[in-house]
1. Cross-link list Lys330/Lys354; Lys574/Lys609; Lys330/Lys612; Lys277/Lys354: which exceed 31 angstrom alpha carbon to alpha carbon?
2. For Cα pairs less than 8 Å apart in space and 6+ apart in sequence, what is the mean separation divided by the residue count of the range 296-393, i.e. the relative contact order in percent?
3. Once label points are set 7 Å from the Cα along Cα→Cβ at both Asp287 and Arg397, what is their separation, rounded to one decimal in nm?
4. List the GluC sites (Glu not before Pro) in the range 450-479 that DSSP assigns to loop (not H, G, I, E or B) and whose Cβ has at most 13 other Cβ atoms within 10 Å. Which are they?
5. For the range 227-367, what number results from the quotient of the Cα radius of gyration and 2.2 N^0.38 Å?
6. Sort 634-641, 443-450 by packing, meaning the average of other beta carbons within 10 Å per residue, with the highest value first.
7. Largest first, please: the extent of the C-alpha atoms of the range 296-393 along each principal axis, to the nearest Å.
8. Which of Phe169, Phe59, Phe342 comes first, and how do the rest follow, when ranked by fewest Cβ neighbours within 10 Å?
Amino acid sequence: MAQRSFLQDLPVGHKILAGLLTLVLTTLLIANIAFISAAYWITQESMAPSAMRTLGQVFASPALSREALASPQAASRALERLDGHSPLRGAALYGADGTRLAERFWGHALSIPSNAGRLHDWQDSHLRQSRISEMPLPNGATGHLLLIASSELPSEFFTGTLSASLGIFFASALLWIVLARQLRKLVTKPIRRLEELSRQVTESEDYSLRARISGEDEIGHLGQAFNTMLTRIQAREQELRDARDEACAAEQQAHELAEEARRGQRKLELEVQVRSKIEHKLTGFQDYLNSIINSMPSALIAVDDQLFVTQWNLAACELSGLSRADALNKPLALVFPNLEGFTSTLRDTMGRSKAATVERVSWPRDDETRHYTLTFYPLSAASGRGAVIRIDDITQRLNMEELVVQSDKMLSVGGLAAGMAHEINNPLGAMLHNVQNIRRRLSAHLPRNQQIADGVQLDLEILERYLEAREIPALLNGIDAAGQRAARIVEHMLKFSRLSDRQLAPCDLNALVSQACEVARTELQLADGGDLRQLPIELQLSPRLPEVRVVATELEQVLLNLIGNAAHAIAQRKRQAPSHQGRLSIRTRLRSPWVEVLIQDNGIGMSEKVRKRIFEPFFTTKDTGQGTGLGLSVSYFIITNNHQGQMEVQSSLGEGSCFTLRLPLAN
């Protein structure tokens, strides 16, 4: 404020000179900044990238790559060759295995990754210009060269810029001095004469004085206007003397009226203040109540006795999709059609003044079915009767209850499966072994069989024809096939009941999913004759997915099982609708603290009853001989027990299924 007051008190000529000086200095400063910014931009956007690209191409030559990546010492020597390249701020060499062999900085050290695998993440988050060049090696491997550009301009550039600026400043100063003398003669002196005249008129109140006109410029016109003003003031001075006497009488009368008005206004102000305080308190209390209601996770809807909405919180807005302004004072059935079927319950609640609860009401929302609990409370107020509806989303609670029931069921069945498998395995092995022995002892090609047959005078060829006629070999084949199927069931039961003792290891989940798809296309055979090679599989793999700790073979088994089940469901729907185009989608995504794998198909789907039993051992919807009912049970056990993850399924009959695998992130 003091500096501004000082500038305002300066004479006009000094103000003009100060303005010219400020303009010169500002123009010089802006020119320097623009010049330095342009030089910096050219250096960073053109010279530095071009220089780093050239150096990267030089280092990428096979001979230099082989020499530089031979050892950390060779890498250090190679980086020493970059001394003197002014655009560079730092450089580092990474070997074929991604480890950092050497680094060199010109200036204070920078923090760079120790492994080439994190270079792109570092480059995205770093502000300096940098370039990553690949360095091919004779064995097909690839090293990496990291070049970091300097963000500073050379000191010589600033020295030259300062010298040029000083020269321009001194030349401008000389021109400013010449202009100052001319301004003093042409502007300052005439203005001071007008200033002196105005001071004399002010001190003596002599309006007969006149200014001397020295030219026809703006100052001369100002002098003429000043003389005209003095003439008019002189005439009006007399008029003011006459009006002053009249004003004194009117002032006394106005003073009396103003005093009376002031007393009335004070009284009104007191009443307004009292009313404002009351309204403020009521508004604050209303806002406080609305904040409490809006902060509740449950949807709260209040209605009057005519079922018109009187209250509507934020949770109700999210559930219905309508704002509070669009819902208030509207019929409940119009703004929330899902509650139309509970009109009788609402009226009964208001009539009996007793709360009522409706459990597990299912409504579709966001392409899925959500479950809610409705509670109706009676409401009595001075303005009339009404009710409050509270809507609680219990979908997550029900899902957790299903998971708990499923886990308990798996634990109980696991112990039973282990005992049954060991009890069945021994007699089953003996049965299969005896079937093999029967086949060998009935064969006419074994010398021992021929010798014993001759001893009892039996023709083995006649016996073989008899057995063929009676279909004994077919019966033996059936016994063998049934035994083999029973053996597979026992093997699945043992896998289901046995805790995994394998070590969890970090794994690239995207690579494992891609490998499982390739194995499914080439090696997986479906019992119903489906062909996976003609089924389009859409992969949507999230880039830069963090590693998870898994047993790769077990997780691949789960993926193959789910892919096979999806192909079977698509084949079932295609038999019902031959024109149906099957589609299988596999996605990976990060939902901290989980990494999720979603296997979605547009097959036959399953009903709600089947979905609740899908993970039970020996439960299957496939035809006899096409499934044991243990595939999903074993998969569920591998994910939840061996990997401490989660496995869920969402499905609708005729619309396909989506299995979700959740695996915890590796520490």
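1. Lys330/Lys612; Lys277/Lys354
2. Answer for the range 296-393 is 29 percent.
3. 3.4
4. Glu471
5. This ratio for the range 227-367 stands at 2.29.
6. Answer by packing, highest mean first, reads 634-641, 443-450.
7. So the extents along the principal axes, rounded to whole Å, are 41, 29, 23.
8. Phe169, Phe342, Phe59
Where a number appears in this text, it was derived from the coordinates with a stated rule and is not lab data. Remember, predicted model here, so these are calculated numbers, not experimental data. Don't worry about glycine lacking a Cβ; one is built from the backbone with ideal geometry, like all the others, and counts go over all protein chains shown.
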